[in-house]
Amino acid sequence: MKKTWSILLTLVLSVGLLAGCGNDDKFTDSGAANGGSEGSQDKKRIALVLPEKIGVNPFFALMDEGLQKAAADFNVEVKTIESTDPASIEQNLRTAVAEKYDLIITSTFQMEDALKKVAPENPDVPFAIIDTVVDLPNVRSVGFREHEAAYLLGAAAGLATKTNKVGNVVANDIPIMHKYMTGFEEGAKSVNPNIEIFVNFVGGFDDPAKAKELALLQNSKGADFVAGMSAVGDLGVFEAAKEKGFFTSGQDTDNTEPEHVVLAQLKGTDAVVYETVKDFAEGNYTFDIRDYGLKEGAVGLTYVTHESKTPLNPFIGQDIVDQLKVISDDIIAGKIKVTNALEQN
């Protein structure tokens, strides 16, 4: 996977990518390695403030990886601040401002309210937020076209299913998750009009037990493929697939396994954080709204747009992969228009 995302970084850097993240109390500080935690006068200092603890959520872990790589490549001091609970989010942003970081990066809808308070109060401080939009003059916003990769995932499920029944175990019934669900449904029905799609909501991003229960429910109704769309909850979906012998997919990183986790919908959060730091370190930082998808290599699907170390499972098979590559090319070329649920009335 490291090799895969190295390729992604090269791709992304060629078009100019960027981003930010969110978490609290605990932090990793590369200041000592770069001349002391107080900061060197000739080095820029960048903080990544996360809305929760990194834990096992690959979304935030990747962001931290991108930050650390950028620190080494561009000779900047960085600090990752993880939020231990929702109440600490705003305070952590204010702490980063008080500590006079030159750029503060954060992420996801969880950080929106806090950033909308803190950024206007500090108009001279540059901010970035990834995976959502905060339209303020001192904030750069970065979004992903996840619906494009979800379309590929849905098409894969529609082509591979033997029962014509598949499922989605989704974290929450919130707008951003509908980008995944709508893209998946469009992709599945484009190749298999008779497919039935079960959708259940976990109620959070970190509940593997509930996610497992829902995956088992969908399988009991005939779903032979269940897409995990529940962050840490996907671990429960994977367990259910192993126990009952159905197939599943994960999110963000390549968490495929040979027997049951047969696909992963990818999201290069490490690459966008890296590019955000690169722009700032090289004096090319702008405040705007950016959007990245299949064309930029920022989202994708294992075996189709990105290589995987895990052997391709026969449930998917090379013939389906070849069909999906054509679909991916058609999305990039604009021949297929995938609905962005956030833009629907």
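Sorting the Cα pairs of region 57-183 by distance into bins of 5 Å, from 0 upward, gives 2, 9, 16, 18, 18, 13, 9, 7, 5, 3, 1, 0 percent per bin. Note that region 267-284 has calculated 3J(HN,Hα) couplings of 8, x, 5, 5, 5, 6, 5, 4, 5, 4, 5, 4, 4, 5, 5, 9, x, 10 Hz, one per residue in order, obtained from phi through the Karplus relation 6.51 cos²θ - 1.76 cosθ + 1.60 (θ = phi - 60°); glycine and proline are x. Its Kirkwood hydrodynamic radius, worked out from the mean inverse distance over all distinct Cα pairs, puts region 76-150 at 12.9 Å.
In the context of the full set of protein chains, the chain has a per residue accessible area of 40 Å² (1.4 Å probe). Within the shell of other residues whose beta carbon sits under 10 angstrom from the beta carbon of V134, the net charge comes to -1, with Lys and Arg scored +1 and Asp and Glu -1.
Of the chymotrypsin sites (Phe, Trp or Tyr not before Pro) in region 279-345, the ones in a loop by DSSP (not H, G, I, E or B) with at most 15 other beta carbons within 10 Å are F287.
Quick check on region 161-225: take the gyration tensor over C-alpha atoms, sort the square-rooted eigenvalues as a ≥ b ≥ c, and tell me if it's rounded (a/c under 1.5), prolate or oblate. Oblate, since a/c reaches 1.5 and b/c is not below a/b. Over all pairs of different C-alpha atoms, region 121-165 has a mean inverse distance whose reciprocal, the Kirkwood radius, equals 13.5 Å. Of all DSSP beta bridges in the chain, what percent run antiparallel (nearest 5)? DSSP beta bridges in the chain are roughly 15 percent antiparallel. The amide H of D252, built 1.01 Å from its N in the peptide plane, has Q265, L266, K267 as neighbours under 5 Å, considering only residues 5 or more places off or on other chains. Rolling a 1.4 Å probe across all protein chains gives L312 an accessible area of roughly 50 Å². Taking every alpha-carbon pair within the chain, the share separated by more than 37 Å comes to 17 percent.
Taking every alpha-carbon pair under 8 Å whose residues sit at least 6 apart, the chain reaches a relative contact order of 20 percent. D319 sits among other residues whose Cβ lies under 15 Å from its own Cβ, and their net charge, with Lys and Arg +1 and Asp and Glu -1, is +1.
The values are calculated or read from the model by the stated rules, or taken from the named source; none is laboratory data. In this text the structure is predicted, and so the values were computed from the model without any measurement. Glycine gets a Cβ as well: all are built from the backbone with ideal geometry, and neighbour counts include every protein chain shown. Ligands, DNA and RNA are excluded from the accessible area calculation, which covers all protein heavy atoms including side chains. Shrake-Rupley method; radii C 1.70, N 1.55, O 1.52, S 1.80 Å.
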